[in-house]
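The values are calculated or read from the model by the stated rules, or taken from the named source; none is laboratory data. Being a predicted model, the structure only gives us computed values, none of them experimental. Here the Cβ positions follow ideal geometry from the backbone for every residue, glycine too, while neighbour counts run over all protein chains shown.
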Amino acid sequence: MPTEVADVLRALPFPLAMTSGVEHVLDLITPAARRMLGVTPVLGRPLRESAGLDPALLPALDRVHGTGEPARSRVLGDRVVVTCVPVRADGAVVGVVLHAEPAVDGVPTVDAEQARAWNVALQHLAEQLSGAATPSAIGAIAVTAAVELLQADGAGVYATVAPGVLEVLHAAGWPAGTAERYRRLTLVRGRPLSDAVLDGEAVWLENAEQWHVRYPEMAPVGTSQGFHASACLPLRVEDRDLGGIVFSFSRPRTFTPHERGHLLAVAALCAQALDRARLLVAERAARAEAERQLSRMTFLAQAARLMEAPHSVEERLQRLADLAVSGVADWCAVHLVGAGRVDRVAVAHSDPAKLAFVARLEERYPPDPDAPGGAITVSRTGVPIHYPLVPDELLVAAAKDEEHLALIRSLGMRSAVVVPLLVRGTNLGALTLVQAESGELFTEDDLAYAQQLASTAAVALDNARLYERQQRTASTLQSALLPAALPDTPGLDVAARYLAQSADRREVYVGGDLYDVVAAPVAGRWAVTVADVCGKGAEAAALTAMIRHTVRAEVGHGLSAADVLHRLNDAMVRDTAADPGRFATAVHAHLNVGPDGVVVRLACAGHVPALTVRAGRVEAVGDAGTLLGIYPDIAPAEAVVHLRPGDLLVLYTDGVTEARGMQGWYGSERLHAVLAGQGGRGADEVADAVVTDVTAFQDGPARDDVALLVVRVGARR
């Protein structure tokens with residue numbers, strides 16, 4: 001007789017496998033069944049897909065499902081009979097247990113009642129394990145069922161938690177000290193459970209003598225507390241080591257082949273349930289981790305958008321703190337370094353009463369700027385601090401007196417992280433997150449996440465500060481290109497307005513639009529100018545400054561309006577020879593104030609014509625003329641206009657008429673209509689009306705600068 005067949009026969013009787021459904025999907029298969037059937041079926045797949053399967057088995061399985069009655073099939077000649085027993089649920093056949101029994105001439109020799117009782121117990125265990133979702137639940141079911149089945153006095157199920165390391169899932173019947181001592185085991189050769197797990201073979205110890213012979217070192221432990229016999233079985237699925245199961249008996253116990261077979265089936269069921277649970281736990285953990293990472297990425301994206309919003313630095317940080325307490329902490333505070341000191345600029349909690357309490361507390365006990373271990377220290381050192389549990393000693397060190405300590409303790413701070421706001425090697429301050437009433441504790445992973453959040457905030461904060469600094473610089477430079485104030489102009493009411501392009505965008509630039517009013521050498525004569533330089537930025541600013549100062553100088557020489565533009569063009573051509581793309585447009589006028597009105601002598605170089613408003617009629621003055629800075633010689637368009645008291649002269653840049661809205665371009669007609677309705681109003685009122693209408697018309701931020709100069713003949717109103 002072949003050795004493998006002899007091994008099978010010596011182990012009889014035992015369960016072979018369990019299937020479910022009409023397709024006979026394999027739910028359980030024991031190692032002995034693989035040897036007997038000569039196939040390697042795949043768990044979770046129909047048994048009929050297994051190559052080399054005895055063809056007599058499938059009809060037997062089909063008969064069980066069809067009739068609900070047990071069926072038999074012979075294997076290994078007449079010496080073994082495979083009995084297929086139905087598994088029922090709610091009266092219906094839902095599966096089959098394949099049970100091998102020794103036979104003589106094809107007739108089973110095992111007591112039918114005993115075999116039926118064991119099969120029922122195995123079916124019941126399979127049903128219970130199928131509903132268990134966690135390893136601990138599986139361990140509890142396996143221990144309880146096996147103890148009842150074998151009437152064991154103690155048992156424990158261990159799961160592999162790391163290579164060579166087991167940890168108990170559930171234990172029963174062992175003394176408390178023993179259970180705690182062996183809660184976690186390292187696999188070591190020469191110990192029964194270790195040998196069973198390492199070799200993948202069960203270890204049977206039927207009495208104290210076998211303990212002392214096979215495991216003399218462990219015998220005092222294995223036979224302590226009155227125990228005599230033990231069975232140690234590995235929990236394996238294919239080549240995956242999942243742990244082991246131990247049964248202890250307070251009396252000697254001979255394990256019959258029938259008992260050993262069923263215990264191996266119990267171990268196989270438990271192993272397969274653990275394998276399913278392991279996969280389920282891993283899947284759930286992976287899903288939870290993916291959801292957590294998605295949540296954190298979403299939160300970081302929210303924080304980044306919030307920090308980029310057009311608010312002051314303090315407003316942004318307060319909004320960041322408010323966002324933090326809605327998702328990652330109970331408390332949040334932000335400190336910034338500035339002017340040699342560290343100041344808290346934001347604090348947040350979901351309960352306004354707690355914020356008010358802290359405010360009163362700090363008013364009574366001002367924070368110590370030199371106190372160790374807090375946001376001030378992190379702001380200065382750039383080294384993060386992590387308190388998985390806030391030590392009471394820290395609160396004691398921070399307290400000024402016993403009452404202060406009691407008030408601090410009443411906040412219930414449990415865990416905290418303080419991380420620096422680092423960017424480009426510079427520490428801007430610190431972000432503090434505290435868990436209190438939620439009871440949550442910050443882990444090392446949470447510390448890394450807080451550093452990500454702080455890094456996002458620091459970059460945005462640094463950009464905001466840089467932007468504000470550049471804006472201040474640009475604003476200062478822009479102011480230098482325009483008159484600080486318009487001069488007092490007897491006989492004339494003058495108003496000017498300047499609107500920068502895209503006031504709410506993140507771009508920083510200096511515009512190229514210009515207006516100016518300057519007194520001429522002749523008494524009662526004033527020169528007014530509006531110009532538009534091509535481009536933005538430093539180069540445009542330099543050209544704008546040159547235009548303004550050149551015009552002022554030439555006006556001082558007593559030149560005519562057209563000659564001023566000729567001189568200006570000469571200077572620009574010399575200055576912009578290396579860059580022909582730098583040019584400008586301008587309208588320049590001389591106003592001679594007399595007793596009956598004003599005579600306007602005007603010259604235009606490529607600019608939108610000036611407008612006059614007289615008795616509600618709006619008219620353009622002259623033509624556009626030639627651009628400045630491109631041609632060596634230009635032909636300014638000249639015009640002379642006589643204005644009476646109450647009449648208006650309006651000079652503007654194309655940012656007015658080329659403003660873009662939902663209806664298209666603002667255009668000249670709309671501007672004329674607004675001006676026509678300004679009869680009797682002063683220059684300031686007219687300028688405000690134009691700017692208000694242009695701003696209201698625009699769809700979104702301005703796309704170009706606007707310079708506007710309004711002159712009303714008559715005394716200033």
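Yes or no, residue by residue, for (1) part of a loop (DSSP other than H, G, I, E, B); (2) closer than 21 Å to Leu320 by Cβ; (3) touching a strand residue (DSSP E or B) at 6+ places or on another chain (Cβ under 8 Å):
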position: Leu336; (1), (2), (3): no, yes, yes
position: Ala348; (1), (2), (3): no, yes, yes
position: Leu355; (1), (2), (3): no, yes, yes
position: Glu362; (1), (2), (3): no, yes, no
position: Ile376; (1), (2), (3): no, yes, yes
position: Val396; (1), (2), (3): no, no, no
Next on the checklist: Tally up the residues in the range 626-658 that are surrounded by 18 or more Cβ atoms within 10 Å (Cβ to Cβ), under 14 Å from Asn569 (Cβ atoms) and touching a residue at least 60 places away in the same chain (Cβ under 8 Å), please.
Outcome noted: 4
Item to check | the range 260-319 - residue that is in contact with a helix residue (DSSP H, G or I) (Cβ under 9 Å, 6 or more places away or on another chain) and among the polar types (S, T, N, Q) and, of those, modelled with the lowest pLDDT | outcome: Ser312
Next on the checklist: Restricting to the range 670-680, name every residue that is over 13 Å from Leu649 (Cα atoms) and not in a helix (DSSP H, G or I).
Outcome noted: Gly677, Gly680
Item to check | Subset of the range 322-337 [under 16 Å from the mean Cα position of the chain (by Cα) and either of a type in the set (Phe, Trp, Tyr) or crowded, with 24+ Cβ neighbours inside 10 Å (or both)] | outcome: Ala324, Ala329
Checklist outcome for this item: Residues of the range 12-22 being farther than 14 Å from Val87 by Cα and either at pLDDT 80 or above or in a strand (DSSP E or B) (or both), in sequence order, are Phe14, Leu16
Checklist outcome for this item: Within the range 30-85, restricting to residues that are more than 54 Å from the chain's Cα centre (by Cα), modelled with pLDDT under 75 and under 27 Å from Ala202 (Cα atoms), the one that is surrounded by the most Cβ atoms within 10 Å (Cβ to Cβ) is Met36
Item to check | Qualifying position, being within 13 Å of the chain's Cα centre (by Cα) and surrounded by 13 or more Cβ atoms within 10 Å (Cβ to Cβ), among Leu300, Leu264, Leu280, Leu294 | outcome: Leu300
Next on the checklist: It is to be established whether one or more residues within the range 662-683 are among the aromatic types (Phe, Trp, Tyr), exposed (fewer than 14 other Cβ atoms within 10 Å of the Cβ) and more than 24 Å from Arg644 (Cα to Cα).
Outcome noted: yes
Next on the checklist: Restricting to the range 128-161, name every residue that is at pLDDT below 85 and among the acidic types (Asp, Glu).
Outcome noted: Glu148
Checklist entry - Which one of these is in contact with a Gly (Cβ under 9 Å, 6 or more places away or on another chain), assigned by TED's automatic domain parsing to the domain that holds Gly606 and at negative phi: Ala696, Ala683? => result Ala696
Checklist entry - Which numbered condition trips up Val599, out of (1) in contact (Cβ under 8 Å) with a residue 40 or more places away in the chain; (2) surrounded by fewer than 19 Cβ atoms within 10 Å (Cβ to Cβ); (3) in a loop (DSSP other than H, G, I, E, B)? => result (3)
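Does Ala696 qualify as being buried (at least 17 other Cβ atoms within 10 Å of the Cβ), among the small types (Gly, Ala, Ser) and either part of a helix (DSSP H, G or I) or in contact with an Asp or Glu (Cβ under 6 Å, 6 or more places away or on another chain) (or both)? It would help to see each step written out before you state the result.
On the way: buried (at least 17 other Cβ atoms within 10 Å of the Cβ): no; among the small types (Gly, Ala, Ser): yes; either part of a helix (DSSP H, G or I) or in contact with an Asp or Glu (Cβ under 6 Å, 6 or more places away or on another chain) (or both): yes.
So Ala696 fails the test.
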Checklist entry - Could you say whether any residue in the range 260-277 is free of Cβ contacts under 8 Å to residues at least 12 places away in the same chain, not in a loop (DSSP other than H, G, I, E, B) and not assigned by TED's automatic domain parsing to the domain that holds Val203? => result yes
Checklist entry - Which condition number in (1) over 30 Å from Leu466 (Cα atoms); (2) in a strand (DSSP E or B); (3) not assigned by TED's automatic domain parsing to the domain that holds Leu187 is the one that Cys332 fails? => result (1)
Checklist outcome for this item: Going through the range 86-113 in order, the residues found to be in contact with a strand residue (DSSP E or B) (Cβ under 9 Å, 6 or more places away or on another chain), at pLDDT below 60 and assigned to a strand (DSSP E or B) are Val107, Pro108
Checklist entry - Which members of the range 191-237 meet the condition of being at positive phi and in contact with a helix residue (DSSP H, G or I) (Cβ under 9 Å, 6 or more places away or on another chain)? => result Gly200, Gln225
Checklist entry - With respect to Ser224, is the statement that it is surrounded by 15 or more Cβ atoms within 10 Å (Cβ to Cβ) and of a type in the set (Ser, Thr, Tyr) true? => result no
Checklist entry - What number of residues in the range 545-561 are closer than 20 Å to Ala624 by Cβ and touching a Leu at 6+ places or on another chain (Cβ under 9 Å)? => result 3
Item to check | Pair list, Cβ < 9 Å and 6+ apart or interchain, from the range 526-537 residues that are in contact (Cβ under 8 Å) with a residue 24 or more places away in the chain to residues that are among the basic types (Lys, Arg) | outcome: Ala527/Arg552; Thr529/Arg548; Thr529/Arg552; Ala531/Arg548; Val533/Arg582; Cys534/Arg582; Gly535/Arg582
Checklist outcome for this item: Note on Val383: of the conditions (1) without any contact (Cβ under 8 Å) to a residue 24 or more places away in the chain; (2) exposed (fewer than 12 other Cβ atoms within 10 Å of the Cβ); (3) in a loop (DSSP other than H, G, I, E, B), unmet is (1)
Next on the checklist: Under 8 Å between Cβ atoms, which residue pairs at least 6 apart in sequence (or on different chains) link something in the range 551-570 that is without any contact (Cβ under 8 Å) to a residue 12 or more places away in the chain with a partner that is among the acidic types (Asp, Glu) and assigned to a helix (DSSP H, G or I)?
Outcome noted: Asp563/Glu554
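Restricted to the range 478-498, and to residues that are among the charged types (D, E, K, R) and closer than 18 Å to Arg525 by Cα, which residue is modelled with the highest pLDDT?
So the residue we want is Asp493.
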Checklist entry - How many residues are touching a residue at least 40 places away in the same chain (Cβ under 8 Å) and under 20 Å from the mean Cα position of the chain (by Cα) when one looks only at the range 405-425? => result 5
Item to check | Hits in the range 396-415 (condition: closer than 18 Å to Leu433 by Cβ and surrounded by fewer than 16 Cβ atoms within 10 Å (Cβ to Cβ)) | outcome: Gly412
Next on the checklist: Suppose we filter Val358, Val334, Val313, Val342 for residues that are more than 22 Å from Gln452 (Cβ to Cβ) and touching a residue at least 60 places away in the same chain (Cβ under 8 Å); which single one remains?
Outcome noted: Val342
